[in-house]
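The values are calculated or read from the model by the stated rules, or taken from the named source; none is laboratory data. Note that this is a predicted model, so its numbers are computed, not measured. Cβ placement follows ideal geometry from the backbone for every residue including glycine, while neighbour counts extend to all protein chains displayed. With ligands, DNA and RNA removed, areas are computed over all heavy atoms of the protein, side chains included. Shrake-Rupley method; radii C 1.70, N 1.55, O 1.52, S 1.80 Å.
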Amino acid sequence: MKKKILFIYYQNIKVGGVAKVLSNLTSELADEGYDIEILFLMAPHPDFYQINPKIKKHYINSFADPYSRFATHINHKYKSVPKIYTVYSYMYDWGSYRVLREWIRENHQHYDTIVTCWYKLATMLSFEKEISKKTIAWEHSSFRIGGVVYDKMLRKNYKKLKSIISINKPSVKYYERFNTTFFIPNLSDGIYEDLEFTAPEKKENIISFAGRLDKTKNAIELVKIFHETPKPPGWKLQIIGDGPEREPISRYIKTHHLEDQVVLMGAKTSEEVAALLQKSKVFVFTSLSEAFGLVLVEAMFCSNAIISYNCDFGPSDIINERNGFLIPLYDQKLFAEKLSLLLHDDQLLTQLMKSSFEESQKWRKDKIIEQWKKIL
């Protein structure tokens, strides 16, 4: 008899790491013969990331709860008030819990295993005695997220869950205090699986970045580093993604006359991102925090050497001397030095591009799926 698994997440309406890997993983498991369903805590909506047609979707609108509606109202009306977002967050969480609790109590008996895709959802189900026993917390964020309330008060409730899956090794060590915890990295898009090594002569002199343009991804610092890096003529930086920091980045580019060297590509589909990464030789990452950093693995599949800040937590699980350089956070000088070294040393760049592609093979989806199957 097929194992019936329910995954729970908030939405699939926009670019987002959790929604993306949720789509990838559930599709693979459905093709492996698991009976997969997904519960979204939002009104019915078109999928941003394609969901396998074998998967049944459920929707419950957490924004329809009175507490959530009031939270949205005060956040909109008083958004200039200090700490108002914190008030909004806790009130919305309470509304979400009420909506989820009602649905899950009525339907949980239909599932062998329940997988929550965010720490707040895992916390909610940890209070449900029968449901918590078959709930796996799939942790997609830093264990430090959530502040004092979750870290010091609520997270100890994870001991009531079936188990925990984390996507970075420091978090595994943290969560092992509460329950059995497994390290399983995120799953890349299938489009990367069949790629072969691309030699430098078949690529262009392009450095790539891909990610949402917000303060955490810190792309504006990357542009500054690129600007200050001594480099041979003809090298360009392509920035793939969009977000609130696009305008400040654009202003910096214009102010420093970098229009011919730095290209803002905007948001792209997964297929378009893969095509762009296959053109570049180096992938750079200046994120201030990551839970994993899946795009680093995808860049490796595309034969890119990697340079990244050693932020908490993901890059240190991925980057080593065979695929690139891990730079202490905020050390712009060293980052620029390593980037300049790669751009001037063709032999080193070729070597790292080749061994980076070889390293990518240990992140193939079949190995990751096997880990999930053992747990499920």
### Query
Residues of segment 302-338 being hydroxyl-bearing (Ser, Thr, Tyr), crowded, with 17+ Cβ neighbours inside 10 Å and touching a Phe, Trp or Tyr at 6+ places or on another chain (Cβ under 8 Å), which ones?
303, 308, 309
### Task
Would you check which residues across segment 141-169 are among the hydrophobic types (A, V, I, L, M, F, W, C) and buried (at least 17 other Cβ atoms within 10 Å of the Cβ) and list them?
143, 154, 161, 164, 165, 167
### Task
Determine whether segment 348-360 contains at least one residue that is acidic (Asp, Glu), part of a helix (DSSP H, G or I), more than 25 Å from residue 227 (Cα to Cα) and open to solvent by 60 Å² or more (accessible area, probe 1.4 Å).
yes
### Query
Which of the residues spanning segment 191-236 are outside any helix (DSSP H, G or I) and of a type in the set (A, V, I, L, M, F, W, C)?
195, 197, 199, 206, 207, 209, 210, 213, 235
### Query
If a residue has to be of a type in the set (Lys, Arg), in a helix (DSSP H, G or I) and open to solvent by 80 Å² or more (accessible area, probe 1.4 Å) to count, how many in segment 73-105 make the cut?
2
### Message
Condition (residue is of a type outside the set (Asp, Glu), closer than 20 Å to residue 188 by Cβ and in contact with a His (Cβ under 8 Å, 6 or more places away or on another chain)) applied to segment 30-38: is it met by at least one residue?
### Response
yes
### Task
Exactly one condition in (1) outside any helix (DSSP H, G or I); (2) more than 29 Å from residue 213 (Cα to Cα) is not met by residue 38; state its number.
(2)
## Note on the structure
Of the residues in segment 11-23, those that are touching an Asp or Glu at 6+ places or on another chain (Cβ under 6 Å) and within 12 Å of residue 187 (Cβ to Cβ) come to none
### Query
Which residues, taken from segment 1-11, are at pLDDT 95 or above and either under 14 Å from residue 117 (Cβ atoms) or not in a strand (DSSP E or B) (or both)?
5, 6, 7, 8, 9, 10, 11
